[in-house]
Amino acid sequence: MDAAEFRKRGKEMVDYVADYLEKIEKRQVFPDVEPGYLRPLIADCAPQDPESFEDVFKDIEKIIMPGVTHWHSPYFFAYFPAASSFPALLADMLCGGIGCVGFSWAASPACTELETVMLDWLGKMINLPEEFLAGKDGQGGGVIQGSASEATLIALLAARTKTIRQVQSEKPELTEAEIMGRLVAYASDQAHSSVERAALIGAVKIKTVPSDDTFTVCGSALKKVLDEDTAAGLIPFFFCATLGTTSCCSFDKLLELGPICNKENIWMHIDAAYAGSAFICPEFRHLLNGVEFADSFNFNPHKWLLVNFDCSAMWVKKRSDLIGAFKLEPLYLQHHHQESVVISDTGSSLWLQHWQIPLGRRFRSLKLWFVLRMYGVKGLQEHIRKHVRLSHQFEHLVLQDERFEICAEVILGLVCFRLKGSNELNEALLKSINDAKKIHLVPCHLREKFVLRFAICSRTVESTHIKFAWQHISQLATDLLKTWEQNHHQQ
């Protein structure tokens, strides 16, 4: 394919994607395929001779689309939103076209510098404390990770290195292995599984801190666990607080937890993967109060800020903590501007290769730059507010039906609800909803209860889609309860 054909085919692909997104609600939200559906539809091995673009293009609808779950459908209410917008898609095209691998400042100065500035823009939008911004001479700063899971892992590994060095300076007789064996990380029993996974990769113990009746962790619960472990000779070193838990969007009490972590010299990382985008709205910013006590903070613009995956924003107060843990500098990565990009003696905000797991990085900040400029803060605030309004609309519909109950406070765009009754009944309801394939939901467990999650996800979702979803759920519940009653009488 030469440049002339690329122009032609590129326009066709843009039309195809625009048509796909414009007409997505006509597609069935969840596919009708079984595992292994795709292999029989394609050849056993790659073709020896080139095929035409037409042949490849034809197979998109024939082979790929039948197996796609349409995340951007207004009938998709599962997980959390996966952000997407036309400006972000255009920026992704440009990112692919430039195709740089930004592993150092010299490898692509614009890639590194735009990322640093965009994370400052974003930090200012959510009113992050000044220490988290790179600015011209700050000690902190932001970086784009691939996911919140990566951000948590990076924070945990940096905390581990920092603690080992501190303990060794105080007790030189202890080996690194002895210290590692005593390190303990902590997170809420509601925290995302990626926190446990980070501890697994980091080869440290992790303990869950019990949450209260509102599924949040408070200071007294953390203090109790810390006191027990310290008395047993363990070394608490890392706590991951969650703002907007995956199950029910609950918020850990930062104002209680932060001072404890600071006093005990424990790294506090805040995972606000979904909820963080809402902090651009002044009415939700109070949910971030206490961030000033944290060492690192992360949220995903690729969930709720119209920037398509992957774009996970992470900030640290002291970038020297990250650079100290990950910095390796072989000769082939050094360049003649090495010294001039050092902003302070704590390390440069432009050495982003030392802030992440992979060496290479894509030009992801282009997506932020396009979206923030083309929507503006006000446009993005309206997007968040619309989703929150729609979640309260759904909550209101649930509350009007006495057969159902709401299982957690509705704060942002997630409603947790269920039929009053057994877990088996609710499992059957979810199965009938997802088998019908008109809308898509996923469940969670809140304590012993099996609960249905209804997340406002699509950029194009409207009030009519919420009403349709509720009428559909309500009708399926009616049909299910009749069947259950008949079975009950027969027994």
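What the table below lists for this structure:
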read-out: Of the criteria (1) under 27 Å from the mean Cα position of the chain (by Cα); (2) buried (at least 18 other Cβ atoms within 10 Å of the Cβ), which one ILE179 fails; value: (1)
read-out: Residue in the range 441-448 that is farther than 22 Å from SER73 by Cβ and in contact with a Pro (Cβ under 7 Å, 6 or more places away or on another chain) present; value: no
read-out: Candidate set from the range 410-442 (those that are β-branched (Val, Ile, Thr) and open to solvent by less than 10 Å² (accessible area, probe 1.4 Å)); member that is nearest to ARG453 (Cα to Cα); value: VAL415
read-out: Residues of the range 17-31 satisfying the condition of being open to solvent by less than 30 Å² (accessible area, probe 1.4 Å) and farther than 16 Å from ILE64 by Cα; value: none
read-out: Which listed residue, of VAL217, VAL209, is farther than 20 Å from SER312 by Cβ and touching a Pro at 6+ places or on another chain (Cβ under 9 Å); value: VAL217
read-out: Filter pass, GLN139 being touching a residue at least 24 places away in the same chain (Cβ under 8 Å), open to solvent by 10 Å² or more (accessible area, probe 1.4 Å), within 30 Å of PHE363 (Cα to Cα) and over 23 Å from the mean Cα position of the chain (by Cα); value: yes
read-out: Selection status of THR460, part of a loop (DSSP other than H, G, I, E, B), among the β-branched types (Val, Ile, Thr) and either touching a helix residue (DSSP H, G or I) at 6+ places or on another chain (Cβ under 8 Å) or farther than 16 Å from PHE76 by Cβ (or both); value: yes
read-out: Positions within the range 218-269 being in a loop (DSSP other than H, G, I, E, B), under 26 Å from ARG285 (Cβ atoms) and more than 22 Å from the chain's Cα centre (by Cα), in sequence order; value: CYS218, ILE266
read-out: Search result, residues across the range 41-55 that are closer than 19 Å to LYS11 by Cβ and open to solvent by 80 Å² or more (accessible area, probe 1.4 Å); value: GLU54
read-out: Failed item in (1) free of Cβ contacts under 8 Å to residues at least 24 places away in the same chain; (2) open to solvent by less than 10 Å² (accessible area, probe 1.4 Å), with GLU228 passing the rest; value: (2)
read-out: Number of the exception - CYS407 against (1) more than 26 Å from the chain's Cα centre (by Cα); (2) crowded, with 18+ Cβ neighbours inside 10 Å; value: (1)
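The values are calculated or read from the model by the stated rules, or taken from the named source; none is laboratory data. Model, not experiment: these values are computed from the prediction. Every residue, glycine as well, gets a Cβ built from its backbone with ideal geometry; the counts of neighbours run over all protein chains shown. Heads up: the accessible areas ignore ligands, DNA and RNA and are worked out on the full protein's heavy atoms, side chains in. Shrake-Rupley method; radii C 1.70, N 1.55, O 1.52, S 1.80 Å.
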